Amino acid sequence: MKKSLQISANLDQPELLENLVEKLACRRYDIGFRNEIMPDGREALEVASSETYVSGGVMLDDINYHIHMPFITSFLFTCIKGNDEVYKLAWSTSLS
């Protein structure tokens with residue numbers, strides 16, 4: 001018989017995290033690397049990264065138990081900008 005397990009996570013202060021990533025994606029200076037001429041139609045990219053701590057909780061729910069496990073972990077957010085002049089969130093990863 002298969003058992004059902006529900007896993008969910010929540011973040012503390014998601015608005016603050018969103019604000020940090022938006023500031024990263026909208027930085028005001030540009031070193032101009034993306035304007036370099038690249039071979040074979042490739043595109044040079046500007047890259048901006050920011051490390052920040054994220055806290056929240058992970059919940060595991062089953063018929064028989066409920067587990068809430070708080071966490072604090074460091075995340076790395078990276079934005080890239082190509083020829084379209086706009087930074088876009090490319091990836092994020094936990095550093096723990």
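Throughout, read-outs are computed from the coordinates displayed, never taken from laboratory work. Just so you know, these numbers come straight off a predicted model, no measurement behind them. Neighbour counts are summed over all protein chains in view; Cβ atoms, including those assigned to glycine, are modelled from backbone coordinates with ideal geometry.
The figures follow:
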quantity	calculated
Projected label distance in nm at ILE37 and TYR65, using a 7 Å step from Cα toward the beta-carbon	6.5
Stretchable slack from ASN10 to GLU85, in nm (0.36 nm times residue separation minus alpha-carbon distance)	23.7 nm
Within region 31-95, trypsin sites (Lys or Arg not before Pro) in DSSP loop having at most 11 other beta-carbon neighbours inside 10 Å	ARG42
Value of Rg to Rh for the chain (Rh from inverse mean 1/r over Cα pairs, i.e. Kirkwood)	1.18
Dipole of the chain [Lys/Arg +1, Asp/Glu -1 at C-beta], most positive-end residue of LEU5, VAL21, THR52	LEU5
Range in the chain, longest, excluding exposed GluC sites (Glu not before Pro) [loop by DSSP; at most 11 other beta-carbon atoms within 10 Å]	44-84
